[in-house]
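Reviewing the structure listed below.
The values are calculated or read from the model by the stated rules, or taken from the named source; none is laboratory data. Given the structure is predicted, the values throughout are model-derived calculations rather than measurements. Backbone-built Cβ (ideal geometry, glycine too); neighbour counts: all protein chains shown.
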2 protein chains.
Amino acid sequence: MTDNERVPTNSKKTTANPAPERRRELLATAAEVFAAQGYNATTVRRIADEAGLLAGSLYYHFDSKESMLDEILSGFLDELWTGYDAVLGAGLGPRETIEALVTESFREIDRHRAAVAIYQKESRHLVAQPRFGYLVDSQRKFEKAWLGTLERGVADGSFRADLDIRLVYRFVRDTVWVAASWYRPGGAHSPEEIARQYLSMVLDGIAGRDPAAA
Amino acid sequence: MTDNERVPTNSKKTTANPAPERRRELLATAAEVFAAQGYNATTVRRIADEAGLLAGSLYYHFDSKESMLDEILSGFLDELWTGYDAVLGAGLGPRETIEALVTESFREIDRHRAAVAIYQKESRHLVAQPRFGYLVDSQRKFEKAWLGTLERGVADGSFRADLDIRLVYRFVRDTVWVAASWYRPGGAHSPEEIARQYLSMVLDGIAGRDPAAA
DNA sequence: TAACCTACCAAACACTTGTTAGGGAAGGAG
DNA sequence: CTCCTTCCCTAACAAGTGTTTGGTAGGTTA
């Protein structure tokens with residue numbers, strides 16, 4: 001469906017997926033360390049320590065450190081686009097689409113906090129590598145979905161027409177995704193509640209409604 | 001004045017600053033590479049290549065790779081707080097203070113684009129190191145200034161009272177500073193124009209004013 | 001019992017990393 | 001000319017990097 005459904009290069013397993021439980025465990029801890037320290041600053045030995053095995057043993061499960069990163073990012077993007085495609089195919093109006101996309105985004109941040117953090121820190125220099133070319137495809141598709149929705153909304157009066165639409169796009173996009181840098185699951189607010197307040201701010205602003213106030 | 005005025009440890013120069021021209025050149029190119037590739041992913045040899053000399057020669061000017069990073073970040077923060085302190089000491093109302101802070105922030109992004117990008121990517125794991133403890137001080141002061149202004153605004157009706165104020169703080173803060181990731185000096189808009197449109201979005205929202213629209 | 005597979009360890013490999021030591025060319029000062 | 005300072009190069013070092021190789025304990029299958 002999307003062009004992001006890459007099969008992570010895993011030459012070890014020829015059968016479909018016999019026992020990916022351990023892989024997922026290891027990928028989860030790797031993602032946590034990557035998110036906390038940064039990909040390049042993270043050593044394979046550190047991941048192994050955190051997972052309770054030796055560095056070399058990771059290479060029984062994965063081809064390379066880079067393929068771990070690949071699997072983390074592509075796995076996240078696959079799930080993200082599953083959610084986005086459902087929203088975009090629902091035939092909603094511009095404003096409702098934006099609301100649904102923002103809400104869906106915060107749900108993804110809730111479920112893939114580490115992957116989102118990694119994506120934000122590393123994607124900029126990963127796009128240069130051919131292996132991560134699918135990041136470019138995803139970015140393009142992402143921009144098309146959001147920007148297109150915003151333009152539809154400007155056309156039908158849902159959104160203001162007196163702003164640089166690309167500035168608005170980056171504003172909304174960044175506003176949502178940087179939340180992954182401070183969001184912690186199990187915090188004071190649910191993803192839906194955060195989405196609600198963010199949408200309220202983005203759509204209506206933070207200024208007081210009292211005309212008497214300066 | 002601020003508590004960020006750290007003297008970068010430069011044991012080589014005992015006199016005040018005899019010829020810091022070359023230093024600034026090298027720091028500028030180092031900052032560009034750090035911002036583009038990430039600090040840990042950047043090798044000293046790469047910086048040297050970009051600057052047109054050999055890796056070892058950098059150590060005539062700087063104590064270490066880390067001290068380059070230190071000097072870049074502390075230099076940026078010093079200038080940032082010079083501007084912020086001027087705004088905060090001007091005795092403006094809450095809304096005018098926020099407007100001035102946002103505008104000042106975009107000016108700093110314009111002048112220290114690379115340093116801001118580095119700060120955003122690396123500060124999270126740098127705060128653990130004692131050498132970069134001043135980052136924590138700056139963060140605390142930053143939060144105090146912004147959050148305090150927002151609270152004053154809620155109290156006097158300038159800002160909405162029906163939102164989680166800490167969420168608003170993070171919203172405004174991130175919204176402004178992530179702009180450094182896409183901003184390029186000499187682009188379509190001046191820092192002031194970007195600040196104006198951002199403020200318009202943050203304060204009044206992006207929704208259309210036409211009540212007839214959904 | 002024998003063969004086999006899974007998941008790991010122990011130990012090393014080749015390479016890159018930040019950093020250092022010593023030296024030398026260029027130019028101004030005495 | 002000699003001395004000194006500035007700025008850079010050459011060449012290496014030790015530590016850390018991702019990765020590979022061979023082996024092995026334990027369970028499952030035949």
TODO: Just one of (1) at pLDDT 95 or above; (2) more than 15 Å from A:F132 (Cβ to Cβ); (3) away from DNA strand D (no atom under 16 Å from the Cβ) trips up A:P20, so point out which.
DONE: (1)
TODO: Filter region A:135-183 for residues that are assigned to a loop (DSSP other than H, G, I, E, B), modelled with pLDDT under 95 and either more than 9 Å from chain B (Cβ to nearest Cβ) or crowded, with 21+ Cβ neighbours inside 10 Å (or both) and give the result.
DONE: A:Y183
Task: Hits in region B:93-137 - residues which are small (G, A, S) and touching a helix residue (DSSP H, G or I) at 6+ places or on another chain (Cβ under 6 Å) - done: B:A100, B:S105, B:A114, B:A115, B:A117, B:S123
Task: Those residues of region A:19-43 which are outside any helix (DSSP H, G or I) and near DNA strand C (Cβ under 10 Å from one of its atoms), in sequence order - done: A:A19, A:P20, A:N40
Open item on the list: I'm checking my understanding of the structure. Among residues of region B:49-99 that are within 14 Å of another protein chain (Cβ to nearest Cβ) and within 28 Å of B:R131 (Cβ to Cβ), which one is farthest from DNA strand D (Cβ to nearest atom)?
Closed with: B:L69
TODO: Would you be able to tell me the number of residues in region B:184-193 that are part of a loop (DSSP other than H, G, I, E, B) and either of a type in the set (F, W, Y) or surrounded by 14 or more Cβ atoms within 10 Å (Cβ to Cβ) (or both)?
DONE: 2
TODO: Tell me, yes or no, whether region A:193-213 has at least one residue that is more than 9 Å from every other protein chain (Cβ to nearest Cβ) and closer than 26 Å to A:V127 by Cα.
DONE: no
Task: Checklist (1) closer than 26 Å to B:Q139 by Cβ; (2) crowded, with 16+ Cβ neighbours inside 10 Å; (3) in contact (Cβ under 8 Å) with a residue 60 or more places away in the chain applied to A:I206, failing item - done: (3)
- [ ] Would you mind telling me which numbered condition in (1) touching a residue at least 24 places away in the same chain (Cβ under 8 Å); (2) surrounded by fewer than 18 Cβ atoms within 10 Å (Cβ to Cβ); (3) more than 10 Å from chain A (Cβ to nearest Cβ) B:A114 fails?
- [x] (2)
